[in-house]
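The values are calculated or read from the model by the stated rules, or taken from the named source; none is laboratory data. Because the structure is predicted, anything quoted here is derived from the model rather than measured. Methodologically, a virtual Cβ is constructed for each residue, glycine included, from the backbone with ideal geometry; neighbour enumeration extends over all protein chains shown. These area figures cover heavy atoms from the full protein model, side chains too; ligands, DNA and RNA do not enter into them. Shrake-Rupley method; radii C 1.70, N 1.55, O 1.52, S 1.80 Å.
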Amino acid sequence: MDMRLPQQTTTPPSELVGARYAQVRAHTLALAAPLSDEDCGAQSMPDASPIKWHLAHTTWFFETFILERLEPDFAPFHPAFRVLFNSYYNGVGDKHPRAQRGLLTRPAMDQVRAYRANVDARMMKLLADTTAAARELLHPLVTLGLQHEQQHQELMLTDVKHLLAQSALLPEYVDAPLPPASAAAPLAWLAFDGGLTDIGHDGAGFCFDNELPRHKQYVAPFQLASRLVTNGEYLAFVAAGGYFNAAHWLAEGWDWVRAQGLKYPFYWRQDEQGAWTEFTLHGEQPLDSHRPVTHLSLFEADAYAQWAGARLPTEAEWEYAAAHAAIDTGTLHPAAATDGAGLQQMFGQCWQWTSSSYAPYPGFQVAPGALGEYNGKFMLNQYVLRGSSCATPAGHARASYRNFFPAGARWQFTGLRLARQP
Ligand SMILES: [Fe+2]
């Protein structure tokens, strides 16, 4: 996950930061708890990282960007970890190749757990310094480190899902049944007036710098679907031959779908009797027509929208509409929208593809130093997703949040909400 500088208007007291640090770090370990050490070492594709690497890299962040700068008599836990667990910070130095993270059988999981415990103890010592000077320097960096770790918490779930899906055993991440969803409420179209609006973070609490600066943008009147597109609705597109009709697809999307021979969403499967299933973190499950369709690429989301006589929202439309939406936190699989009133499922189910390229806001400036290295460098050939997903940890979502992935990415919990002209 990329790294962006923290923006905070107030400095919270030390004890709150320390408690937050302990809570976020413990949650990361809890996410790894259902997995064996063998599960944690494997890498299923270059885009996904082993759980062991996530555990170490999030720790590396605190060691490299905080302890190395601020700890008196700093000495690394292990000098080689600076390279092994550097994701892509050229300003830090060499990196172990991304596609070869699964080859790191050493350090073993026990050593990575010891690395986490060591860095946590050293961080708590630093956080015990409650002087104003320490707080001013330390707290924004700790906040950034925790926000970074939360991004990796989501990646841990999507990466392990991709890994488990490689096995014919179709193993479960959690040994708990996924109950049948209640009926989804009918899709309603909600009208928004738009106008000259303020887009970007409003300054209250943390944000990444890609959410800044807040700026004016004109949004024409538009309509937004009250909920996400469901599996049942998307299945109608599949059944209508949507994957075989170029008329619905962007040119690059059509090349992409044909080159891979795709016929339906990632993790879907149809058995010999014609029954559809979906691989989930609860193992393989019957495809539930009421739950939101997920793991779509931008190409698939856009093709469905074209077929349905609609379009994807722009990120400005989405943010404008989300101003008063409830920020829900999900579980391990998207749930149905059973409430028919107002705007549903903006947060906590599926990230929502927009038609907006991931580009800098007007006046955006790349911050100096290694931590600012990536703020602008990802702003090419990717698309913005809004909202949050069932894998996003509590407290990480907000209306101005800009997630981004290439148009063909399918392993995140990515879905779609339709928009249309009035
Ligand atoms: Fe990272």
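To the nearest 10 degrees, how steep is helix 251-260 against the longest Cα principal axis of the chain, on a 0 to 90 scale?
Between the helix axis and the principal axis of the chain, the angle is about 80 degrees.
Which percent of Cα-Cα pairs in region 1-124 sits in each 10 Å bin, short to long?
Cα pair-distance distribution for region 1-124, in percent: 11, 42, 36, 10, 0.
To the nearest 10 degrees, how steep is helix 132-164 against the longest Cα principal axis of the chain, on a 0 to 90 scale?
Taking Cα atoms only, the helix is inclined about 50 degrees.
Give the separation of the Cα centroids, region 257-272 to region 295-310, in Å.
15
Please work out how much length the chain gains when fully extended from Asp339 to Glu15, using 0.36 nm per residue of separation minus the C-alpha to C-alpha distance, in nm with one decimal.
That works out to 112.7 nm of additional length.
Would you mind classifying region 190-269 by shape? Square roots of the alpha carbon gyration tensor eigenvalues, ordered a ≥ b ≥ c; an a/c under 1.5 is rounded, otherwise it is prolate if a/b is larger than b/c and oblate if not.
Taking the square roots of the gyration eigenvalues as a ≥ b ≥ c, region 190-269 is prolate.
Eigenvalues of the Cα gyration tensor times 5, then square-rooted: what semi-axes does that give for region 291-422, in whole angstrom, largest first?
Values: eigenvalues 118, 61, 44 Å².
For region 291-422, the ellipsoid semi-axes come out as 24, 18, 15 Å.
Distance in nm between label sites at Gln23 and Asp255, each 7 Å beyond Cα in the beta-carbon direction?
4.8
In vacuo Debye scattering of the chain, one point per C-alpha: log10 I(q)/I(0) at q = 0.10, 0.12, 0.14 Å⁻¹?
With no solvent term, the Cα-only Debye profile gives -0.71, -1.03, -1.37.
Hey, how much of the P(r) for region 138-273 falls beyond 22 Å, as a percent of Cα pairs?
69
Sequence-distant or interchain residues sharing an amide H contact under 5 Å with Ala42, placed H: which?
When sequence neighbours closer than 5 places are left aside, the close amide H contacts are Ile51.
Would you mind getting me the FRET efficiency between Tyr218 and Gln365? Use the beta-carbon distance for r and R0 = 25 Å, nearest 0.05.
For R0 = 25 Å, the calculated efficiency reads 0.60.
Name the residue, out of Asn210, Asn403, Asn245, whose mean-square fluctuation peaks in a Gaussian network model built on the chain with Cα pairs under 10 Å.
Asn245
Which value results for Rg/Rh of region 71-158 when Rg is the Cα radius of gyration and Rh the Kirkwood radius based on the inverse mean 1/r?
Looking at region 71-158, the ratio lands at 0.99.
Greater than 30 Å separation of Cα atoms is the criterion. Which listed pairs, Lys216/Lys377; Lys125/Lys161; Lys95/Lys216; Lys95/Lys161; Lys216/Lys263; Lys161/Lys263, meet it?
Lys125/Lys161; Lys95/Lys216; Lys216/Lys263
Counting only heavy atoms of the protein chains, get the accessible area per residue of the chain (1.4 Å probe) and round it to a whole Å² value.
Here the per-residue accessible area is 41 Å².
How far apart, in nm, are two points set 7 Å out from the Cα along the Cα-to-Cβ line at Asn245 and at Ala176?
Modelled inter-label distance: 4.1 nm.
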